[in-house]
1. Computed over the Cα atoms of the chain, what is the ratio Rg over Rh, Rh following Kirkwood?
2. Regarding the stretch 1-131, what whole-number volume in Å³ per residue does the convex hull of its Cα atoms give?
3. Please rank Asp56, Asp183, fewest neighbouring Cβ atoms within 10 Å first, as an exposure proxy.
4. Find how much the distance from Glu51 to Gln77 grows on full extension, using 0.36 nm per residue of separation minus their present alpha carbon separation; answer in nm with one decimal.
5. Rg over Rh of the stretch 141-221, using C-alpha atoms and the Kirkwood radius, what does it come to?
6. With an 8 Å cut-off on Cα pairs and a minimum separation of 6 or more residues, tell me the relative contact order of the chain in percent.
7. Can you give the Rg and Dmax of the stretch 59-149 based on its C-alpha atoms, in angstrom?
8. Let's test the formula: R0 of 30 Å, r as the Cβ-Cβ distance of Asn87 and Asp196. What FRET efficiency results, to the nearest 0.05?
Amino acid sequence: MKHYSIAIDGPAGAGKSTIARKVAKHLNFIYVDTGAMYRAMALYFIHNNIEAKDKDGIEKACNNVDVSIEYKDNEQQILLNGENVNNLIRTEAVGNMASASSVYPVVRLKLAELQRSLAKKENVVMDGREIGTFVLPDADLKIFLTASSKERAKRRFLELKERGISADIDEIEKDITERDYRDMNREFAPLKQADDGILVDSSHMTIDEVVETIIKHFESIR
Ligand code: DC
């Protein structure tokens, strides 16, 4: 049976998870948040005092980490060595560690394997950085979703505020810019638009407009 896959790649804070979740819901596909997997690995490194620059430590630790996902009420739950860590991975510290530790091929290959096995079994909307270029190069639709760094910082700031977390918007923008640079310039599977990817700049679009645009593209190729 044919399984469809939609890859949504783009920089931090472009709205990938919100959009991907909505597109998946509309099409009745599974939403796969790959950033959460990198964040779960990062949490393990933080808890075990392994620094991002400690390549050997990271490589060794990878043998002891098991990341898996399950769905509860349609929401992805991320399990780190069997423990649900959904509520522990959304901090800036974990995000920065995820970005820094995701440069290592050993980390990426481990998670790419899990991502590919999910796409084999289900219709998926998968968001990440290199889903269309590396994880699922044969995805049926590839979207590169972006927005200006100012707009992305504003969105992240409001999201944190809503969760009662105070933050400095300029600091967030600085973090975002640094993270973009690292994600786009790593040697192995960097963040970039796929040659056959469709660019969607959401800076001046509502969430619903972006969702509609992606669904239209999908309907045209289905
Ligand atoms: O999307 P996010 O903010 O949850 O991702 C956190 C970091 O994880 C991101 O800065 C880079 C890394 N990541 C990655 O390298 N590849 C992915 N497919 C998803 C995330």
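1. Details: Rg = 16.6 Å, Rh = 17.6 Å.
On the Cα set of the chain, Rg over Rh gives 0.94.
2. Roughly 104 Å³ of hull volume per residue.
3. Asp56, Asp183
4. Extra length from Glu51 to Gln77 when fully extended: 6.8 nm.
5. Numbers: Rg = 14.9 Å, Rh = 14.4 Å.
Using Cα coordinates only, the ratio equals 1.03.
6. Relative contact order, the chain: 33 percent.
7. Looking at the stretch 59-149, its Cα Rg and Dmax stand at 14.1, 38 Å.
8. Computed FRET efficiency for Asn87 and Asp196: 0.20.
Computed from the coordinates by the stated procedures, all read-outs in this text should not be read as laboratory data. Since the structure is predicted, the reported quantities are computational estimates derived from the model, not experimental observations. Virtual Cβ from ideal backbone geometry, glycine too; neighbours counted across all protein chains shown.
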